[in-house]
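Beneath this line is the structure, given in structure tokens, with notes to follow.
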Amino acid sequence: RHQTRAILRQHSPRPVAQPINPPLLRESEHLTAWTPESWQQFQAHQQPNYTELQKVTDALETISRLPALVFAGECRNLQSRLAKCATGEAFLVQGGDCAESFSQFSANRIRDSFRVQLQMALVAMFGGGVPVVKVGRMAGQFAKPRSSDTETFDGVELPSYRGDIINGQEFTAEARIPDPARMVQAYNQSAATLNLLRGFASGGYASLQRVMKWNLGFMDSSDKGDAYLEVAKRVDEAIAFMVACGLDENTPIMNETEFYVSHEALLLPYEQALTREDSTTGLWYDCSGHMLWCGERTRQLDGAHVEFMRGIGNPIGVKVSDKMDGGQLVSLVAALNPDNVPGRLTVIVRMGADKVRANLPRLIKAVRDSGQVVTWVCDPMHGNTECVAGFKTRRFERIRAEVEAFFDVHEELGSVPGGIHLEMTGDDVTECLGGGASVDEGDLDSRYHTHCDPRLNAEQALEMAFYVASRLAK
Ligand code: PEP
Ligand code: MN
């Protein structure tokens, strides 16, 4: 009740996301009590300008009464797994759509993305000889930060698409009006997605033999195809050996896997409505997803997103580009993880292939010198976006070059590469160029389906996993 009232309090007097004049509480941060709505005292970037305020109130009230999507105990388990990723005793594979969408919601797509993510995990696990923590960008990845508030096409200027939880992708004035009811639809789709993922993860779909039915077509033309084929053969042999030992399909370790979900905690009123007090610990968890991250555009130390994230008990991530400097990162880490809890904070580096070698070392050194523990993860997608033939795309070779640089820098500094964060799908799309499967410029318009950024297709994603495995094996 307290929560609902708090949400109502915000929405009745003024529109959500209208920049409020913040009384700059940040200066006395440690004297300020965190509450699920304390972010409202800070400036929230990248929020929609809702016009129908009653509908906002209604949607948030509905969501605040609906069940949590994930549970605090699950979030704590994930946090302990991520703590292992920080020390090299495990490795994170995090992947999924840039933006989930209402129109492409289907059981088969979820299944195919899940299967490729398990295959990637298996390859990485074999290469690294450590457990792989599997986290989907799924069941809640709907809200998108945009570099511009408007988009112009054929001389017509409209508000930007901000993800299906906010407005429609169609280029019409009507579709681009933010509709609060979309939050309820996003919640419902997240619930159905999570239900299916939980079923796949525990109901036998994740059996190793099924996961092994992979499509290795890319190997024929990949520059590293022979080496990858050798690894694939060895994985097959290892599984055949385990089966011969009696670990067959009925053995739980073959049948079950832990799979977690994550998204960018961008649309703060929605995240607040799903923030619940855990009855066993008294802590607050954002129960919209196991892991939430703060994007590159909303990670201001004095902003609303950092304020919200610092108070939730979930493991959290923060994206950082080459624009970040060491001192700033140390302050941000201290704000988000003041007790220096291992696994609590993942720093997701997304600089672009050319910038990692020059800019990542100072961040690693600054964090290390401050004694802070973070899990370092590489997002090789967001710094390598370019426009080719009118399409927003990314080259596989640049993506791989960023992963390579990330591993090299950690090797040189003796720090730990803790995981990889990819935009990918289980479908055979043509959104990113290159890779063994050789998508070329002329292919871009054949199966370009993403609602936002270009994703690796199933073969490109798997090829990336083989590269990661080769680095983990060193
Ligand atoms: C994203 O992950 O889709 C995204 C927008 O990332 P970033 O905040 O790193 O730009
Ligand atoms: Mn993206």
remark   = Filtering the range 290-311 for residues that are under 21 Å from Ala86 (Cα atoms) and crowded, with 22+ Cβ neighbours inside 10 Å leaves a count of 6
query = Restricting to the range 430-440, what's the tally of residues that are more than 15 Å from Tyr467 (Cα to Cα) and more than 16 Å from ligand 1 (Cβ to nearest atom)?
reply = 5
key: Criterion violated by Arg310 - all others in (1) within 20 Å of Val70 (Cβ to Cβ); (2) assigned to a helix (DSSP H, G or I); (3) in contact with a strand residue (DSSP E or B) (Cβ under 8 Å, 6 or more places away or on another chain); (4) away from ligand 1 (no atom under 16 Å from the Cβ) satisfied   = (3)
query = Within the range 130-150, how many residues turn out to be free of Cβ contacts under 8 Å to residues at least 40 places away in the same chain and either more than 16 Å from ligand 1 (Cβ to nearest atom) or among the hydrophobic types (A, V, I, L, M, F, W, C) (or both)?
reply = 1
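For (1) within 30 Å of Ala473 (Cα to Cα); (2) outside any loop (DSSP other than H, G, I, E, B); (3) free of Cβ contacts under 8 Å to residues at least 24 places away in the same chain; (4) not β-branched (Val, Ile, Thr), each residue gets a yes or a no:
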residue	(1), (2), (3), (4)
Thr35	no, no, no, no
Thr51	no, no, no, no
Glu61	no, yes, no, yes
Ala68	no, no, no, yes
Arg76	yes, yes, no, yes
Gln79	yes, yes, no, yes
Arg109	no, yes, no, yes
inquiry  = Quick check on Thr346: is it in contact (Cβ under 8 Å) with a residue 12 or more places away in the chain and either among the acidic types (Asp, Glu) or assigned to a strand (DSSP E or B) (or both)?
reply    = yes
message = Would you confirm, using the coordinates I've provided, whether Ala191 is outside any helix (DSSP H, G or I) and in contact (Cβ under 8 Å) with a residue 24 or more places away in the chain?
response = no
ask   = For Ala186, which of the numbered conditions (1) crowded, with 24+ Cβ neighbours inside 10 Å; (2) over 18 Å from the mean Cα position of the chain (by Cα); (3) farther than 25 Å from Leu345 by Cα fails to hold?
value = (2)
request  = Taking the residues in the range 372-410 that are free of Cβ contacts under 8 Å to residues at least 60 places away in the same chain and β-branched (Val, Ile, Thr) as candidates, determine which candidate is nearest to Ala461 (Cα to Cα).
outcome  = Val388
query = Looking at (1) surrounded by 24 or more Cβ atoms within 10 Å (Cβ to Cβ); (2) within 16 Å of ligand 2 (Cβ to nearest atom); (3) of a type in the set (D, E, K, R); (4) more than 18 Å from the chain's Cα centre (by Cα), which is the only condition Glu463 fails?
reply = (2)
query = How about the range 431-449: which of its residues are buried (at least 23 other Cβ atoms within 10 Å of the Cβ) and either hydrophobic (A, V, I, L, M, F, W, C) or farther than 17 Å from Pro380 by Cα (or both)?
reply = Cys432, Leu433, Ala437, Val439
ask   = Looking at the range 109-123, is at least one residue closer than 24 Å to Leu194 by Cα, surrounded by fewer than 22 Cβ atoms within 10 Å (Cβ to Cβ), at pLDDT 95 or above and of a type outside the set (Phe, Trp, Tyr)?
value = yes
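The values are calculated or read from the model by the stated rules, or taken from the named source; none is laboratory data. The model shown is predicted, which means the values in this text are computed figures rather than measured ones. Cβ coordinates were reconstructed from backbone atoms using ideal geometry, including for glycine residues, and neighbour counts include every protein chain displayed.
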